[in-house]
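The values are calculated or read from the model by the stated rules, or taken from the named source; none is laboratory data. No experiment lies behind these values; they were computed from the predicted model shown. Here the Cβ positions follow ideal geometry from the backbone for every residue, glycine too, while neighbour counts run over all protein chains shown. The protein model used for the area step is the full one, side chains on, heavy atoms only, and it has no ligands, DNA or RNA in it. Shrake-Rupley method; radii C 1.70, N 1.55, O 1.52, S 1.80 Å.
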Amino acid sequence: MVKKAVIPAAGLGTRFLPATKAQPKEMLPIIDTPSIQYVVQECVDSGIEDILIISGKGKRSIEDHFDRNFELEERIKADEDEVLYTQLRHIENMANIHFIRQKELNGLGDAIRYARYHCGNEPFAVLLGDTIIDSVIPATQQLIDTYEQYKQTIIAVEVVPKEKVSRYGITGGKKISDKLMQIDELVEKPEVDKAPSNLAIAGRYILTPEIFEALDKTSRGKGNEIQLTDALRLLLRHEDILAQTIEGKRYDIGNKLDFIKTTIDFALKRKEFSKPISAYLRNIVKDMDNKV
Ligand code: G1P
């Protein structure tokens, strides 16, 4: 059983400056919900309520967000806004969320090492905060279902266009079913001509405790950081690792363009916004067509 999840959230968010100068990138909202809340919700929807957030300097507002804000709640209650009141109470009761601070920013692999004592001898899910996956069955649940069958490390992957290959960890291997591949190669952000494929690591993993030993042996890689992808490559020498294509739409909100697209898509899915936003978009397109 996978009962624990780790969400690394210590990064500086340099790709989102200046918005992230004094606030965590994980708190940037898609409409009215901080991106990290979508990720915590995915854990909960996948049956995981024990979550460790790897936090760091300047990240206190993440803790505050999942804590109770009594004064605010009382105000909303007095205003008789029951929907909002329920929403606020939901956030603080979503899960058991624990925090640990990464002392130095030495990369994703180093961040995961901080989960060693929390996860102990159990397998655990890792969810990267700059990815939101919209799917019928939550992405982490899809990986857990496969884990229950194979009891192996599993990485979610997605086909990306060639020009995006150098932004991701890339996997290579042998297909064993429609959605699964036995991995035989893993490279962090390769040049496109050196990449084993265009199957990118998609920000969701099921890891086993063996990863911690591999991380201890991993030297600095891409960007002079300890890379999780490099530790997984070490692990591959002793263990099989599976790659799984997830059913659903992945939103890479770590870059500004995709963040804007995500906001539009999510607004179109919300009952109160779908009509006015689609009308607004249609008008924009009409204006553009008129100018051509
Ligand atoms: C990280 C991982 C990379 C993965 C990506 C997915 O990179 O190191 O392997 O493909 O997340 O979003 P980052 O985007 O943190 O640089």
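A few comments on the model shown:
- Rolling a 1.4 angstrom probe over the range 1-73 with all protein chains present gives an accessible area of which 52% lies on carbon and sulfur atoms.
- Lys256-Met1 FRET efficiency (beta carbon distance; Förster radius 30 Å; 0.05 resolution): 0.20
- Per residue, in Å², the accessible surface of the range 153-283 once ligands and nucleic acids are set aside, probe 1.4 Å: 52 Å²
- Modelled label reach - Lys249, point 7 Å along Cα→Cβ, the range 132-151 residues with backbone N closer than 14 Å: 132-136
- Length released on extending from Leu281 to Gln23, taking residue separation times 0.36 nm less the Cα-Cα span: 89.9 nm
- Per-q log10 I(q)/I(0), the chain, q = 0.12, 0.13, 0.14 Å⁻¹ (Debye; single scatterer per alpha-carbon; no solvent): -0.81, -0.94, -1.08
- Extension gain (nm, one decimal) between Glu148 and Ser135, 0.36 nm per residue minus Cα-Cα: 2.7 nm
- Paramagnetic reach from Asp265 in the range 134-148 [backbone N under 19 Å; point 7 Å along Cα→Cβ]: 134-143
- Counted residue by residue at 0.36 nm each, then reduced by the alpha carbon distance between them, the extension gain from Met94 to Glu239 reaches 48.7 nm.
- For Leu236, no residue has an amide H sitting under 5 Å from its own, ignoring neighbours fewer than 5 places away on the same chain, with H placed 1.01 Å from N.
- With K and R counted +1 and D and E -1, the other residues having a Cβ less than 14 Å from that of Arg113 yield a net charge of -2.
- Per-residue HN-Hα couplings for the range 87-101 [Karplus 6.51, -1.76, 1.60; θ = phi - 60°; Hz; x = Gly/Pro]: 4, 5, 5, 4, 4, 6, 10, 4, 7, 8, 10, 10, 10, 9, 9
- Remark: for residue pairs Lys4/Lys175; Lys25/Lys261; Lys164/Lys249; Lys57/Lys261; Lys164/Lys286; Lys164/Lys194, the C-alpha separation exceeds 20 Å in Lys4/Lys175; Lys57/Lys261; Lys164/Lys286.
- Of all DSSP bridge pairs formed entirely within the chain, close to 60 percent run antiparallel.
- Virtual spin-label span in nm between Asp67 and Lys164, 7 Å along Cα→Cβ: 3.7 nm
- Kirkwood estimate for the range 163-214, i.e. one over the average of 1/r between Cα atoms, Å: 12.0 Å
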